[in-house]
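Structure first, commentary second.
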Amino acid sequence: MRQIVEACRTKRHRFVFTASTEQHAKRCLDRVGISDLFAIIIDTRLCGLDTKHSEHAFEQAMLVAQAKDPRECLLIDDSAKNVKMAKSLGWTTVLIGLETREGKPFTCAEADHHIATVYDLPPVMPHLFPTLRHPYPRPPPIREDLLKYPRLSG
C-alpha cells in the first residue's frame, strides 16, 4: 500500500478524513506503515464532532485542507453515506468494497468509481499516479494456512 500512497501526487495533497479521532487514525496508519505519507488527519474533533457524512464535516475538511474548489477533492471511502454527501458537494468519489460486512453486494449510484480495494485505484485513476506503470502494485497473496486457527482442546 505504501507504494501506491507515495505515488499519489504529493504529500501536501494527501489528507486522511476520518470519523474517528486523530489518535486512532494515526495508530491504524502506523500499523500499515503509511502515517508519514499524509499532510494531516482531519478527524471528528476538527469537524466539530459532526458525523462524517454531514455537509458541515465536509466543509470543515475542505477548510482544514485549504481546498477552495470541491472539484479538486477526492473521497475514497467504504461508506455509501459518505460517498453520497461528497458527491452532492461536488467531490470526485470512489467507493471501496464490493460487499457489505454480511457479504451482500452493494453499490452507490453517486460513486464515480466503485472498486474492490485501494489497489484497484491506479488503473481507474492513472492521472493521480504519474510515477506508476502497469503492472500496478498489489499486496502479496494471503496464505490460506494463516487464516485457519487450530481448535483448542478441552
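The values are calculated or read from the model by the stated rules, or taken from the named source; none is laboratory data. What you see is a predicted model; the values in this text were computed from it and never measured. As a convention, Cβ positions derive from the backbone with ideal geometry for all residues, glycine included, and neighbour counts pool all protein chains shown. These area figures cover heavy atoms from the full protein model, side chains too; ligands, DNA and RNA do not enter into them. Shrake-Rupley method; radii C 1.70, N 1.55, O 1.52, S 1.80 Å.
A few points about this structure:
- Taking the criterion of being acidic (Asp, Glu) and not in a loop (DSSP other than H, G, I, E, B), the residues of segment 73-100 that qualify are Asp77, Glu99.
- Applying the criterion of being of a type outside the set (D, E, K, R) and either closer than 15 Å to Leu95 by Cβ or in a strand (DSSP E or B) (or both) to the residues of segment 120-144, the residue that is most open to solvent (accessible area, probe 1.4 Å) is Val124.
- Scope segment 30-47; condition open to solvent by 70 Å² or more (accessible area, probe 1.4 Å) and either among the acidic types (Asp, Glu) or in a helix (DSSP H, G or I) (or both); matching residues: Asp30, Arg31, Asp36
- Test result for Pro105, touching a Leu at 6+ places or on another chain (Cβ under 7 Å) and at pLDDT 90 or above: yes
- Flag if Arg27 is open to solvent by 80 Å² or more (accessible area, probe 1.4 Å), assigned to a loop (DSSP other than H, G, I, E, B) and not hydrophobic (A, V, I, L, M, F, W, C): no
- If the condition is being open to solvent by 80 Å² or more (accessible area, probe 1.4 Å) and at pLDDT 95 or above, then segment 48-58 contributes only Glu55.
- Counting only residues that are assigned to a loop (DSSP other than H, G, I, E, B) and not aliphatic (A, V, I, L, M), segment 53-72 holds 5 of them.
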